[in-house]
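The values are calculated or read from the model by the stated rules, or taken from the named source; none is laboratory data. Everything numeric in this text was worked out from a predicted model, so none of it was measured. Heads up, the Cβs are rebuilt from the backbone with ideal geometry, glycines too, and the neighbour counts pull from every protein chain shown. For the accessible areas, the whole protein counts, side chains as well, though only heavy atoms, and no ligand, DNA or RNA atoms are used. Shrake-Rupley method; radii C 1.70, N 1.55, O 1.52, S 1.80 Å.
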Amino acid sequence: MQPLANVTPFKPGSRAGAIQISNVGQVFKTATQDVVALSDVSLDIKPGRFVVLVGPSGCGKSTLLMMLAGLRQQTSGTILINEAPIPQPDPNRVGVIFQEPSLFPWLTAEENVEFPLALRRIPRSDRRAKAVDALKLVGLEGFGKRHPHELSGGMKQRVSIARGLVQDPPVLLMDEPFAALDEQTRMTMGDELLRIWAATGKTVVFVTHSLTEAVYLADEVVVMSARPGRIVDHLTISLPRPRTYEMLGGETFGTLRDRIWRHIRKSA
Amino acid sequence: MSAATLRRLIVVSLVVLWELLPRLGVIPELFLPSLSSTIAAGWNDAGEYGHALAVTLYEVGVSMLFACGGGILAGAIVGSLPRPRVLIMPMVSSLYAVPLVILYPVFTVWLGIGSESKIAFAAIYGFLPTMLSTAAGIQTIDPQLLLAARSMGATLSQRLTRVIIPAAIPTVLSGLRVGGALVIVGVVVSEMLISSAGIGYLISRYRTILDSPHVFAGVLLVLAMAIAFNAAIKWIERKASIWQTGTREGQRAADEIQAGTIQPATA
Ligand SMILES: Nc1ncnc2c1ncn2[C@@H]1O[C@H](COP(=O)(O)OP(=O)(O)OP(=O)(O)O)[C@@H](O)[C@H]1O
Ligand SMILES: [Mg+2]
């Protein structure tokens, strides 16, 4: 019998989806030198917020996400999710979506989405029902029996989002999930994601290199600088929701975008 | 015309040619006896061939066990641990280029001319490709898949059974295909070189007395063995794809992977 690993029992009354990052640092020890990837990062994320991380390449965005996911431990500071530390991955609290869809090619879309449930020994019929629901939520109804190689890039990423959603974690971490997609698909996927986010009320931490995407999606944009990775700005995006394509040309949008760009240009 | 029909046609015409060309005198019977006289020769000495086949099959079976079992085990260890990989892989890879048949006489000195020397030789012969491709299969697993599994809370053993093994299966099987074929080659060749039993021995003995029909009867048996082995591997591949997915749906995908239309797990 497998131990039911890494599952934190639900604490009633806990603030589902709250993230507290306090004075977190990460140092990579390499053969030649110690790389300070993150230094003294503090960030408080309220439940249900859509937070976007931006910053120059190598500033530690992915590293921060890995720590939030419990896939890597910080060298200093504390991270609390639902008011509890995250010493190892816990799919009941945090779902992760990577840049590459990382679907198992030998499984169908449905089986891929069921994968995290299968790990928990959830009965097949419950599993299937949840997977079908999750696939419906991402707009892939009727594609469940296909294998990854029979899906387009955008569809694969949708499956991977469905897989992140299927256990209904309060927090969703997304590391450049749309970076490999073309611009049109990327725009529609952004709108889809906002729709899902509005429908589920999850906390989303989203990494991107596209400033337009950042402002378009976010409640808050966190700007980081490189060497060592630090937070240099934290903006609230007050644009009304639902966000529309027309806003992209607006003055507020442009001002916010410029402000982020100036930070990044400075630290790059 | 479909490829399958075409393939069947080619086989049928080869069989017909095998019968006709020697009969019409286009090829001397000494070079290529007709199919019917070959089968007749085999049939007349069915006892002798049956005994030889039993010996050869026994040697192939035992060597296969060592080659495949050992190859998969060693390949899994070498593929998943960096230190043995660095130490062993370069040696094994260069060993692969050495014509190992030069070792066979040494084995006969150590183990005698009975089955043991054939088994030792064929097992080593088939071991190398099995081990190399198992190691490659494990090494080339997309680390992103393992990371994703970990992020979903997969324990170490779950990652092994649900990610590493299924992802490595296609490469391991292609190693088994090559390794198993080399085992058959190894056994038959060593029987032909120095031995007192087996099909290889029969072929080589009848060759020295220029009895072509009997030589080709042996060749036919080796051919049948190779075909049977291939069918067995195909069967295992289908079974494995069912196991990989837990459903029959996966079989179609596995068939396509085999047909080369898509690439397996290694991105
Ligand atoms: N395993 C590791 N060992 C050593 N250094 C590492 C390791 N992982 C990351 N780093 C270093 O830490 C820093 C932050 O890396 P990280 O991948 O988090 O950056 P990022 O902000 O996600 O960059 P990008 O936008 O290019 O994805 C980089 O300088 C990188 O070289
Ligand atoms: Mg990154």
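Values for this structure:
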read-out: Pairs where the first residue, in the stretch A:24-35, is among the small types (Gly, Ala, Ser) and the second is more than 16 Å from ligand 2 (Cβ to nearest atom) and open to solvent by 60 Å² or more (accessible area, probe 1.4 Å), C-beta under 9 Å, 6+ apart; value: A:Gly25/A:Val36; A:Gly25/A:Asp40; A:Gly25/A:Thr75
read-out: Residue within the stretch A:99-122 that is farther than 28 Å from A:Gly153 by Cα, modelled with pLDDT under 95, away from ligand 1 (no atom under 16 Å from the Cβ) and of a type in the set (Gly, Ala, Ser) present; value: no
read-out: Tally of residues being more than 23 Å from A:Arg120 (Cβ to Cβ) and facing chain A (nearest Cβ under 10 Å) across the stretch B:146-169; value: 1
read-out: Any hit, the stretch A:228-238, residues being over 20 Å from the mean Cα position of the chain (by Cα), open to solvent by 20 Å² or more (accessible area, probe 1.4 Å) and either under 26 Å from A:Leu137 (Cβ atoms) or away from ligand 1 (no atom under 16 Å from the Cβ) (or both); value: yes
read-out: Residues (surrounded by 23 or more Cβ atoms within 10 Å (Cβ to Cβ) and either more than 18 Å from A:Trp261 (Cβ to Cβ) or β-branched (Val, Ile, Thr) (or both)) located in the stretch A:214-227; value: A:Val215, A:Val221, A:Val222, A:Val223
read-out: Output for the stretch B:105-159, where each listed residue is surrounded by 20 or more Cβ atoms within 10 Å (Cβ to Cβ), under 17 Å from B:Pro170 (Cα atoms) and β-branched (Val, Ile, Thr); value: B:Thr130, B:Thr134, B:Ile138, B:Ile141
read-out: Residue count for the stretch A:195-213, restricted to those that are crowded, with 24+ Cβ neighbours inside 10 Å and within 16 Å of ligand 2 (Cβ to nearest atom); value: 3
read-out: Leading residue by the ranking (nearest to the chain's Cα centre (by Cα)) among those in the stretch A:56-65 that are more than 12 Å from A:Val41 (Cα to Cα) and more than 6 Å from ligand 1 (Cβ to nearest atom); value: A:Leu65
read-out: Residue in the stretch A:171-178 that is in a helix (DSSP H, G or I) and within 16 Å of ligand 1 (Cβ to nearest atom) present; value: no
read-out: Residues located in the stretch A:18-38, provided they are within 11 Å of ligand 1 (Cβ to nearest atom) and either open to solvent by 30 Å² or more (accessible area, probe 1.4 Å) or among the hydrophobic types (A, V, I, L, M, F, W, C) (or both); value: A:Val27, A:Phe28, A:Lys29, A:Thr30, A:Ala31, A:Thr32, A:Gln33, A:Asp34, A:Val35, A:Val36, A:Ala37, A:Leu38
read-out: Qualifying residue in the stretch B:125-145 (condition: touching a Pro at 6+ places or on another chain (Cβ under 6 Å), under 27 Å from B:Pro90 (Cβ atoms) and more than 10 Å from every other protein chain (Cβ to nearest Cβ)); value: no
read-out: Selection from the stretch A:58-100 of residues that are free of Cβ contacts under 8 Å to residues at least 60 places away in the same chain and either open to solvent by less than 20 Å² (accessible area, probe 1.4 Å) or small (Gly, Ala, Ser) (or both); value: A:Met67, A:Leu71, A:Ser76, A:Gly77, A:Ile86
